[in-house]
Every structure is written in C-alpha cells, then in structure tokens.
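Student: Just passing along the structure, written as structure tokens.
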Amino acid sequence: MTDRGCIFPASRELPRAAWLVAAGLIGLVILLSHGRRATSEPDVAAPPAMTPALADRGAALYTRHCAACHGETGRGDGKAAYLLYPKPRDFTQVRLRLVTTENRVPSPEDLFRTITRGMPGSAMPSWAHFSAADRWGLVFQVQKLMREGKAARLVEEDGVEKAEADKIAVRLTTPGPVLALPPEAPVTPEALERGKQVYTEICVACHDADGRGR
C-alpha cells in the first residue's frame, strides 16, 4: 500500500506468485470501487465555479487515486500501468472514447460521466462515492493535464516554441459543439426487416444468428 492509496508492486522483477497476488489485490480494489457507486445520484451534477481551492483539491485527489495508473503528468505511464490491460488512457494525446462533441475532444460533462461511471471492461473504476464537487475537481485536473501535456508534446516532439505550443494546445483541447442526435426512428415492420437483413450480412459471423456469440 502506497501513500497514494493504490496497490502496486515496487519492482517489475517480481516472482510470478507475487505478481498474481498484486494483480488480484488491484482487481479486488476495482470491484469494491464499482460496488460503491451511488446509483440514485444523477450522472452529471451542475459544475461548480472553478476556484483555486477546488483546483488544489482535484490535483490532490488525482495524485492520490489516479497517478499510479495514469501517471503524474497524465501520460498513462503510472507505476501500476504495466499491470493493466487495456492500458490507462494517456490524457496528453487527447484521444478519449466516451465523448459527445463534434471534434472528439471530451466536454467537462463527458469527463464527469466517465469518472462517475468508470469504464467497464478496464481497470478504471467508478468514483461515484466521491462527492460531486470532488469529481468536478478531478475533471478540472484532467483538463489541465490534457492541455499542459499536449503543449509539452508539441515542444518535445515537434520543436514548437513554448508560447506558441501553449496557444495550440488550448485550441486542440477545447471541446467543440455537442453532437445533435436525430430523433429515434419509429419501430416499423419495414425497419425490423431491414435490421434483420443488415444483421445477417454483417453481424452473424461473430454474434451468431441467435445472438449467442458463437
């Protein structure tokens, strides 16, 4: 157990048994975290005003609970990252999956939802047991890491001057408009028949005709 509240081995040269124990403990922590989700709370709470105190709180929470996987600077290179599959997200690449914007940059609400719900199928647990204010603090910290990390990559990898890199990073990490979804299509016999045809042509090879995935 580290002072950051995460469990991970101190060295990659661990015996197999120790590695399995460490992996099992990480899995247990993740399961317990998922189990503590407050299902009665709405997915997105109203964002509070950004204050220095909230920014500091978000940074402290990130260091304690997130840095072991996502890394101190958000590059997905935390000390426990090598134990995890899929690997922790590298925030500095600004390539996240659960987004609702036209330019694929996550909105604050997208980040809040992911922090609240977690990422099923990965080591990312739900943090719904945190207060809404604490989760918004984490949102602000992730946005900061995205912006600063993108600027640092522009300097390191592309030789961009620091001042110019900061400006470009702001543009590249600013969420675009939220996608406008069309209304749900009505369920009609024709639509069902078309869906069956598409499923047969494209999906059956993996999911099987009866949907059992054989």
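The values are calculated or read from the model by the stated rules, or taken from the named source; none is laboratory data. Since the structure is predicted, the reported quantities are computational estimates derived from the model, not experimental observations. Every residue, glycine among them, receives a Cβ derived from its backbone with ideal geometry; neighbour counts consider all protein chains shown. Accessible surface is based on the protein model in full, side chains and every heavy atom, while ligands, DNA and RNA are left aside. Shrake-Rupley method; radii C 1.70, N 1.55, O 1.52, S 1.80 Å.
Student: Beta carbons within 10 angstrom, averaged per residue: use that to sort the peptides 48-60, 126-138, 194-206, highest first. Could you put the intermediate results ahead of the total?
Tutor: Numbers: 48-60: 13.5, 126-138: 19.2, 194-206: 10.5.
Top of the packing list down: 126-138, 48-60, 194-206.
Student: Could you provide, to the nearest whole Å², the per residue accessible area of the range 59-109 with probe 1.4 Å? Walk me through the numbers on the way to the answer.
Tutor: On the way: 2570 Å² over 51 residues.
Ligands and nucleic acids excluded, the result is 50 Å² per residue.
Student: Compute the length gained on full extension between SER131 and ARG171: take 0.36 nm times their separation in residues and subtract their Cα-Cα distance, giving the result in nm to one decimal. Don't skip to the end; give the middle numbers.
Tutor: Working: separation 40, 0.36 × 40 = 14.40 nm, distance 3.02 nm.
Full-extension gain reported as 11.4 nm.
Student: Name the residues whose placed amide hydrogens come within less than 5 Å of the amide hydrogen of THR101, ignoring near sequence neighbours (fewer than 5 apart) on the same chain.
Tutor: For THR101, whose amide H was placed from the backbone, the distant partners under 5 Å are SER107, LEU179.
Student: Given points 7 Å out from each Cα along the Cα-Cβ axis, report the ALA180 to ALA53 separation in nanometres with one decimal.
Tutor: Distance between label points: 4.1 nm.
Student: Of the peptides 156-167, 100-111, how do they stack up when ordered by the mean number of other Cβ atoms within 10 Å, highest first? The partial results should precede the final answer.
Tutor: Details: 156-167: 11.8, 100-111: 17.4.
Sorting 156-167, 100-111 by mean packing, highest first, produces 100-111, 156-167.
Student: With an 8 Å cut-off on Cα pairs and a minimum separation of 6 or more residues, tell me the relative contact order of the range 62-214 in percent. Spell out each step's value before the answer.
Tutor: Values: 176 pairs, mean separation 29.2, N = 153.
Rounded, it is 19 percent for the range 62-214.
Student: Want the number for ARG64 to LYS162: 0.36 nm per residue separation, take away the alpha-carbon distance, what's left? Walk me through the numbers on the way to the answer.
Tutor: Numbers: separation 98, 0.36 × 98 = 35.28 nm, distance 2.91 nm.
Between ARG64 and LYS162, full extension yields 32.4 nm more.
Student: Extent of the range 75-195 along each principal axis, from alpha carbon coordinates, in Å, largest to smallest?
Tutor: Principal axes ranked by extent give 59, 33, 30 Å for the Cα atoms.
Student: Further, regarding this structure: Exceeding 24 Å between C-alpha atoms, which entries from my cross-link table qualify? They are LYS79/LYS150; LYS87/LYS162; LYS144/LYS167; LYS79/LYS162; LYS87/LYS144.
Tutor: The pairs that break the limit, which is 24 Å between Cα atoms, are LYS87/LYS162; LYS79/LYS162.
Student: Sticking with this structure for a sec: If we sort 171-181, 66-76, 112-122 on the protection proxy, mean other Cβ atoms within 10 Å, highest first, what's the order? Could you put the intermediate results ahead of the total?
Tutor: Working: 171-181: 12.4, 66-76: 20.9, 112-122: 16.8.
In descending order of packing, they fall as 66-76, 112-122, 171-181.
Student: Hey, rough spin-label estimate for ILE202 and ASN103, points 7 angstrom out along Cα→Cβ, what's it come to in nanometres?
Tutor: 2.9 nm
Student: Return the FRET efficiency for the residue pair SER122, GLU190: r is the Cβ-Cβ distance, R0 is 35 Å, and the value is rounded to the nearest 0.05. Walk me through the intermediate numbers first.
Tutor: Details: r = 39 Å, r/R0 = 1.11.
Efficiency, rounded to the nearest 0.05: 0.35.
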